[in-house]
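Let me begin by presenting the structure, written as structure tokens, before commenting on it.
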Amino acid sequence: MSDWTIASARQNFSSLLDACREGIQPIYRRHQLIAAVVDVATYERLQAQANKRPTLADSFRELRQILAQEPTDTAELATMPRLDRHNAFLDVLGD
């Protein structure tokens, strides 16, 4: 893996693409990383990982399923009292 500047990447674009077979190729502007060129296999793997990442809604749905499987006397989440201001959520839980 070698470091590329914008100018060298532009002048040696074919070499940059060939170097992607060896690994990720970082491109710098004024010693600051601004881009990275990767091969197709790495790109597809990263895309697959990004698509597998659960959303917050998925996480809450999973939590509700876990809590539904628990016995009713232990299916509550412990909440810590807020010390800096009133927590209206605790009022809702108390109802």
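The values are calculated or read from the model by the stated rules, or taken from the named source; none is laboratory data. The structure presented is a predicted model; accordingly, all values stated were derived computationally and were not measured. Cβ placement follows ideal geometry from the backbone for every residue including glycine, while neighbour counts extend to all protein chains displayed.
Assorted remarks:
- Members of the stretch 13-33 found to be in contact with a strand residue (DSSP E or B) (Cβ under 8 Å, 6 or more places away or on another chain) and surrounded by 11 or more Cβ atoms within 10 Å (Cβ to Cβ), listed by number: Leu16, Leu17, Ala19, Cys20, Ile24, Gln25, Pro26, Ile27, Tyr28, Arg29
- Spans of helices (runs of 4 or more DSSP H) in the stretch 8-74 with at least 1 residues in contact with a Cys (Cβ under 9 Å, 6 or more places away or on another chain): 40-52
- Looking at Ser15, Ser2, Ser59, just one residue is under 30 Å from Leu90 (Cα atoms) and of a type in the set (Ser, Thr, Tyr), and that residue is Ser59.
- When the stretch 35-59 is filtered for residues that are modelled with pLDDT of 85 or more and surrounded by fewer than 11 Cβ atoms within 10 Å (Cβ to Cβ), the ones remaining, listed by number, are Val40, Ala41, Gln47, Ala48, Gln49, Leu56, Ala57, Asp58, Ser59.
- The lone criterion from (1) surrounded by 11 or more Cβ atoms within 10 Å (Cβ to Cβ); (2) at pLDDT below 90; (3) small (Gly, Ala, Ser) left unmet by Ala68 is number (1).
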